[in-house]
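J.: The structure is given below, and queries will be raised subsequently.
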Amino acid sequence: MRTIGWAGVVFALAIALVYLCLAGQYESWIAPISVILAVPLSLIGPAIALGSLGAANNLYTQIGLMLLIALSAKNAILIVEVAREARLLHGKPIIEAAVEAARTRLRPILMTSFAFILGVVPLVTATGAGANGRISLGLCVFSGMIASTCLAVLFVPSFFTVLQRFEERGKPLKSAAAAKPAV
């Protein structure tokens, strides 16, 4: 198999691993999809940055893309977890739960993402021996996190809303009071 073919297999396995872990955490096969849909949003940044600069898709870039899977999923998990809690435990409407989750998790997402982005700046501006590898990795992660941070806050609540409606179609909502046993 070609090197690019193996990279595609590794990316697919990484996304499958994230999906299966989230399916176990959420006890749902549909809810993790709203997190997984945030991953392609983070790939827009490296595609634009690497394409416009003419940088190569080398091993360091592919490692950066693997890192973006985890980092973009982290941002989406922060939103989806709060939205699911508001919906399932507090019985809020789906749209209200999604908007509240995006609003309350915006600050933590921005703080952690910008701290990481600023931490990657030395890789992007690297000089000396091995600088090409560090620049490839840094540019990929830097541009991917900017894209993920800007786009995930906008699109993940929409993904959650659509998929939660699909999941709840035909099912009554379990309220927190009904879930507690009578004493």
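The values are calculated or read from the model by the stated rules, or taken from the named source; none is laboratory data. All of these numbers come straight from a predicted model, not from anything done at the bench. Quick reminder, even Gly has a Cβ in these numbers, built from the backbone with ideal geometry, and neighbours come from all protein chains shown. These area figures cover heavy atoms from the full protein model, side chains too; ligands, DNA and RNA do not enter into them. Shrake-Rupley method; radii C 1.70, N 1.55, O 1.52, S 1.80 Å.
J.: Considering only region 26-56, state which residues are polar (S, T, N, Q) and in contact (Cβ under 8 Å) with a residue 12 or more places away in the chain.
T.: Result: Ser28, Ser34, Ser42.
J.: Another question about this same structure. Does Ala31 fit the bill of being open to solvent by less than 70 Å² (accessible area, probe 1.4 Å), in contact with a Leu (Cβ under 9 Å, 6 or more places away or on another chain) and among the hydrophobic types (A, V, I, L, M, F, W, C)?
T.: So Ala31 passes the test.
J.: Given the conditions (1) surrounded by fewer than 17 Cβ atoms within 10 Å (Cβ to Cβ); (2) over 24 Å from Cys150 (Cβ atoms), which single one is not true for Leu88?
T.: Leu88 satisfies all of (1) surrounded by fewer than 17 Cβ atoms within 10 Å (Cβ to Cβ); (2) over 24 Å from Cys150 (Cβ atoms) except (1).
J.: Just to be sure before I move on: is Leu50 modelled with pLDDT under 90, within 24 Å of Val153 (Cα to Cα) and open to solvent by less than 60 Å² (accessible area, probe 1.4 Å) in the structure I sent?
T.: Criteria met by Leu50.
J.: Considering region 104-138 alone, what residues qualify as being farther than 18 Å from Gln62 by Cα, exposed (fewer than 14 other Cβ atoms within 10 Å of the Cβ) and among the small types (Gly, Ala, Ser)?
T.: Residues satisfying the conditions are Ala115, Gly119, Gly128, Ala129.
J.: Of the residues Leu20, Leu71, which single one is open to solvent by 70 Å² or more (accessible area, probe 1.4 Å) and hydrophobic (A, V, I, L, M, F, W, C)?
T.: Every option except Leu20 fails the conditions.
J.: Determine, yes or no, whether Leu78 is of a type in the set (A, V, I, L, M, F, W, C) and at pLDDT 90 or above.
T.: yes
J.: Moving on to the next point. Go through (1) open to solvent by less than 50 Å² (accessible area, probe 1.4 Å); (2) touching a helix residue (DSSP H, G or I) at 6+ places or on another chain (Cβ under 6 Å) one by one and return the number of the condition Tyr60 breaks.
T.: (1)
J.: Any residue that is crowded, with 20+ Cβ neighbours inside 10 Å, small (Gly, Ala, Ser) and more than 18 Å from the chain's Cα centre (by Cα) - is there at least one of those in region 139-161?
T.: no
J.: Something else: Does region 34-47 hold any residues that are open to solvent by 50 Å² or more (accessible area, probe 1.4 Å) and touching a helix residue (DSSP H, G or I) at 6+ places or on another chain (Cβ under 6 Å), and which are they?
T.: Once the filter is applied, which keeps residues that are open to solvent by 50 Å² or more (accessible area, probe 1.4 Å) and touching a helix residue (DSSP H, G or I) at 6+ places or on another chain (Cβ under 6 Å), region 34-47 yields Leu37, Ile44.
J.: Here is a further query. In region 122-149, which residues are of a type in the set (Val, Ile, Thr) and in a loop (DSSP other than H, G, I, E, B)?
T.: Thr125, Thr127
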